[in-house]
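Take a look at the structure set out below.
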Amino acid sequence: MRGRLVISAWALLAFLLGGASAISAHGILERSSPKANAVLPGMPREIVLEFSEGADPRFSQVQVVGPQGRTIAQGGVVSGDGRLLRLAVGGGEAGVYTVRWRVLSAVDGHTASGSFIFAVGAETALPAARPSVSAFPPTVLIFARWLSYLASFLLAGTVLFDAFIVRRTLLGGETPLHTGGFAQNAEHLRRLRVISGIVVLATLAFEFMAQGGEVIGAGVGAVLRRDVISSLLLQTKLGWSAMLRAYAAVLLLLPDGSSGRILRAAGLIWLVVFTGVVILLGGPSALGSSHVALIVLVGSVYGLASILAARIIPAVLDIHVPAWWGAQVVAVAALLAGFTLTSHAGGSGVILAVSDWLHLLAAAAWVGGLPALILSLRLAPAEDRPAVGRLLVPRFSGLAGMSLLVLVVTGTAAAWKFVASLQGLVGSLYGRSLLVKLSLVSLMAVLGAVNRFVLRPRIVARDPESLARFHTTAGVEIGAGVIVLLVVGALGIMPPTAATPPRPDAKGPAYAADLNGRPLVVRVTPAASGLNEVTVSGIRASVRFRRLDTLDEVAVGPDGTVELVDGWWEIAVSAEGAQAIFPLIVGTPRVVADPLALRYLNQAESGMKRVRTWREVEQITDGNGHVVVTQFEAAQPNRLRYSTTSGSEAVIIGAIRTSRERGGAWTRDRLPQPITLEGLYVPFLAGATAARFGAMDRCGAEICRIVLWVLPSGQAHFAARIGRSGRIYQLEMVAPAHYMTSRADRLNAPLTITLP
C-alpha cells in the first residue's frame with residue numbers, strides 16, 4: 001500500500017506539472033506596438049503587447065489613459081498562444097498616453113504588471129520616462145507567502161520527523177523511547193502537527209486572498225465575489241495550488257485512529273482517481289467546463305464510499321488499521337507539490353519541477369524538523385533526556401546532512417536556470433535576494449556541521465553540557481531558517497533574472513542592399529513570431545512584408561513595429577524608385593512532401609535544363625549588414641561571365657578562367673575541373689525531397705505558383721515563383737548566413753561570351 005501511494009504521488013506531480021513548457025518563468029513584456037516612448041503622427045488603431053509566455057485571458061488586461069487622465073480603452077483580447085494581448089482604441093487627441101498592463105501567467109500562475117507612455121502628434125513633447133515593470137512583489141503578498149511557508153514547513157517537518165526519526169527509532173526497540181514520559185512527548189508532537197495544520201489552512205486562506213487581489217488588481221471584497229473566487233479556484237494555477245495544499249493539510253489533520261487512517265489512505269487514492277478523471281476529460285481546463293458536474297459526481301460518490309468505509313470497517317469488523325506512516329509522507333509530498341505548482345520551476349518543465357519539489361522536501365525535513373526535535377528533547381523526562389538525545393540527534397543529523405546535499409544539487413540547477421550568469425546574480429534584484437538566501441543557508445550549514453561533527457559525538461559520549469549547546473545552535477538554525485523562508489516567499493513571486501526582457505542592444509538579422517548606388521541596411525528584431533522591430537539605416541525607405549503562403553501584406557507601423565506569424569516571408573524595401581527583396585523565414589519551416597508540388601518542381605527542373613542562355617542578377621546578404629550583388633551571363637554548356645559589386649570580374653570558358661579586380665589587368669589561369677552548366681537554377685532544384693505550394697502570384701503576363709522546398713541537407717530552404725510554362729521568374733534562398741534573391745531574364749536570347 002505504501003509503495004502504491006508513493007507512485008501515486010509521483011503520478012500526481014507529473015500530471016500537475018507535465019503540461020508546463022520549458023520557457024522562462026514570469027510573463028514579461030518583451031515588445032509592444034506602439035513602442036515605449038514612441039512619438040506617432042496619429043492615434044494607433046490598437047495596442048498590441050507581446051509577453052515572454054502565455055497569459056491567462058480571464059485575468060489579463062491593458063488600460064490606456066489619455067492626456068486628460070481619463071481611461072479611453074480598457075480590457076483586451078489574448079491570442080491563441082497567449083503571448084499577444086490586443087486592445088482596440090478609437091481616435092484620440094494629440095498628447096501623451098499611458099499604457100498600463102497586468103497579466104496572469106498561464107505557465108506559473110504569477111502576476112506581472114507595468115506601464116509605458118507614447119505620444120500622439122509630432123509637436124508633442126514627450127517627458128523622459130522609462131517603462132516600469134513590477135519587479136518587487138507587494139509586501140502583504142510576501143508576508144502572506146512567508147506565513148504559509150512557515151506553517152507548511154512546520155507541519156511537513158513534524159510529520160517527516162515523526163515518520164523517519166521517531167518511528168524508525170521505536171522500531172529499533174530502544175528502551176528510552178518506550179517510557180511513559182516519551183509517550184506523553186509523542187502526544188505533544190501530535191498536537192504540534194494539529195496546530196500547524198490548522199495554521200496552514202488559515203495562512204493559506206490569507207495567502208489566497210492576497211494573491212487573488214493581486215491577480216484582479218482589486219481589494220479582498222472583490223475576490224470574495226462568487227464568480228471571481230470560483231474562477232480563481234477552478235481555472236488558475238493559484239486556485240489549483242490552494243486546493244491541493246488545503247486538501248493535503250486536511251488529510252494530515254485527520255486523527256490517528258483506525259477511521260482516520262482509512263480516510264487518509266482513501267483520500268490519497270481519491271486524489272489520484274480525481275486527477276485521472278480530469279485528465280480523461282481534457283485536463284485542468286475541464287474544471288471550468290460543463291464536465292465539472294461529472295467530476296463532482298465522481299468525487300462525491302467516491303468520497304461518500306470512503307467515509308462509510310472509515311466508519312463501518314473499524315466498528316463492525318473490529319479491525320485494527322496499521323499506522324501507514326507512508327500515507328502521511330505522501331500527503332506531505334502533495335502539500336509541498338502545491339508550492340511547486342506555482343513556482344518558477346513549475347513553469348519550466350517536469351525535470352526542474354521535480355527538482356524544486358525535492359528541494360522543498362529536503363528543506364522541510366531539515367528546517368521544519370528542527371522544532372520537532374527540540375520539542376522532543378525538551379519535553380522528554382529529565383532522567384531520559386540524555387538517552388533520548390543520544391538516539392534522536394545522530395539520526396536527525398544524518399537526515400539533515402542528506403537534506404543539505406539535495407538542497408545543494410537542486411538549488412544549483414534552479415540557479416543555473418533562473419540566474420543564468422554571474423552578472424545576473426549580482427546585478428539584479430532576484431540575484432541579490434538569492435545571494436542573501438545562500439548566505440543564510442551557508443550559516444545554517446556551518447551550524448549543522450558543528451552539531452554533526454562537534455556536538456553529536458559529545459552527546460553520544462554522554463557529555464551533559466553538549467545537549468544544552470545543541471539546543472542553542474539548533475535555535476539559531478531555526479531562526480536563520482525562518483529568515484530564509486521570508487526570502488523564499490519573495491523569490492517565488494519575483495521575476496527571475498533569466499526572465500527579464502532582452503537587452504536593448506540585442507539585434508536581429510540585418511539585410512543589406514544597394515539601391516541606386518546608395519547602401520541600405522534593414523534590421524528585423526527578433527525575426528520571430530509576434531511583434532518585431534524594423535529599423536532602416538542609410539536612406540529613407542518604405543518596408544512591407546509579404547507572406548508567401550498567402551501573399552498577405554503587412555506594413556510596418558509608424559512606430560517601427562510589425563507583427564509576423566510563422567512562415568515564409570518576403571521583405572520588400574522601396575526607395576528612390578528602386579526596390580530590394582529579402583527572404584525571411586519566421587519560426588521552423590514546415591517540411592511537407594506534397595506529391596503535386598514535387599511534380600511541379602520536377603517539371604520546372606526539366607524546363608530550366610532546356611534554357612541555353614540567360615542573364616541573372618543575384619543578391620546575397622549575410623544577415624550582418626553585408627551584401628554582394630552579382631550579374632551573370634551564361635551560355636550552355638560551359639561559358640560564363642560575371643561581375644560583382646565588390647569589383648570582381650571573370651570570364652570562364654571550360655577550364656580557362658580570366659579574371660580581374662576593380663578594373664585592373666586581366667589574369668588567366670586554369671581551373672582544376674572545367675565548368676558544366678546544367679541550366680538555369682538546376683543545381684538548386686535537383687534532389688528536392690520535400691516541397692509544398694504557396695500562394696498564386698502574377699509574373700508579368702503569366703500566372704505563377706509559389707513553390708517552397710528544402711534540399712536533403714536541410715540547411716537550405718528555397719522559394720520560387722514558377723509559371724505554368726515551367727519558367728522560374730524569381731528564386732529565393734535562406735541558409736546559414738545566406739539570404740539570396742535571384743532573378744533571370746532574356747532566356748535563350750542571343751549571347752556571345754569570349755575571353756578578353
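The values are calculated or read from the model by the stated rules, or taken from the named source; none is laboratory data. None of these values were measured; they are calculated from a predicted model. So basically every Cβ, Gly included, is an ideal-geometry build from the backbone, and we count neighbours across all protein chains shown. Note: accessible area is taken over every heavy atom of the protein model, side chains too, but ligands, DNA and RNA are not part of it. Shrake-Rupley method; radii C 1.70, N 1.55, O 1.52, S 1.80 Å.
Rolling a 1.4 Å probe over the heavy atoms of the protein chains gives the range 503-588 an accessible area of 43 Å² per residue.
To the nearest 10, the accessible area of residue 725 is 80 Å² with a 1.4 Å probe.
Comparing 414, 428, 391 along the charge dipole axis of the range 323-478, the residue lying farthest to the positive side is 391, per the Cβ-charge model.
Once the chain from residue 673 to residue 439 is taken as fully extended at 0.36 nm per residue, the excess over their C-alpha distance is 77.4 nm.
Between residue 632 and residue 432, the distance separating the two model label sites (each 7 Å from Cα on the Cα→Cβ line) works out to 6.0 nm. The Rg/Rh ratio of the range 644-756, with both radii computed over alpha carbons and Rh defined as the Kirkwood radius, is 1.03. Computed on protein heavy atoms with a 1.4 Å probe, the accessible areas place 417, 437 in the order 417, 437, largest first. Scalar couplings 3J(HN,Hα) for the range 452-460, obtained by applying the Karplus form with A = 6.51, B = -1.76, C = 1.60 to θ = phi - 60°, are 6, 9, 10, 7, 4, x, 6, 5, 4 Hz; x denotes Gly and Pro.
Taking a sphere under 13 Å around the Cβ of residue 216 and counting the other residues whose Cβ falls inside, with K and R at +1 and D and E at -1, yields a net charge of 0. Hey, for a label at residue 603 modelled as a point 7 Å past Cα toward Cβ, could you say which residues of the range 696-711 have their backbone N under 14 Å away? From the range 696-711, the list is 703-707.
With r as the distance between the Cβ atoms of residue 351 and residue 250 and R0 = 35 Å, compute the FRET efficiency 1/(1 + (r/R0)^6) and round to 0.05. For R0 = 35 Å, the calculated efficiency reads 0.70.
Can you tally the net charge around residue 552? Count Lys and Arg as +1, Asp and Glu as -1, for every other residue whose Cβ sits under 14 Å from the Cβ of residue 552.
In short, -3.
Summing charges over neighbours of residue 85, with a neighbour being any other residue whose Cβ is under 14 Å away from its Cβ, gives -1 when K and R count +1 and D and E count -1. Under the simplified labelling scheme, the residue 655-residue 746 pair shows an inter-label distance of 3.1 nm, with each label point 7 Å from Cα along Cα→Cβ.
Ranked from the most accessible area to the least, with a 1.4 Å probe and all protein chains present, what is the order of 566, 669, 56?
566, 669, 56
A 1.4 Å probe, protein heavy atoms only, puts the accessible area of residue 96 near 40 Å².
Counting only heavy atoms of the protein chains and using a 1.4 Å probe, residue 275 has close to 10 Å² of accessible surface. Annotation for residue 462 and residue 402: the two label points, set 7 Å from Cα along the Cα-Cβ direction, are 3.0 nm apart. What the phi angles of the range 346-360 give under the Karplus curve with 6.51, -1.76 and 1.60, with θ = phi - 60°, is a coupling list of x, x, 10, x, 5, 4, 5, 5, 5, 4, 5, 4, 5, 4, 5 Hz, glycine and proline written as x.
Residue-wise HN-Hα couplings along the range 434-451, as the Karplus relation 6.51 cos²θ - 1.76 cosθ + 1.60 with θ = phi - 60° gives them from phi, are 5, 5, 4, 4, 5, 5, 5, 5, 5, 4, 4, 5, 5, 5, x, 5, 4, 4 Hz; Gly and Pro carry x. The order of 430, 97, 729 by accessible area, most exposed first and with a 1.4 Å probe, is 729, 430, 97.
Between residue 383 and residue 222, 0.36 nm times their residue separation minus their Cα-Cα distance comes to what?
Roughly 52.2 nm would be gained on extension.
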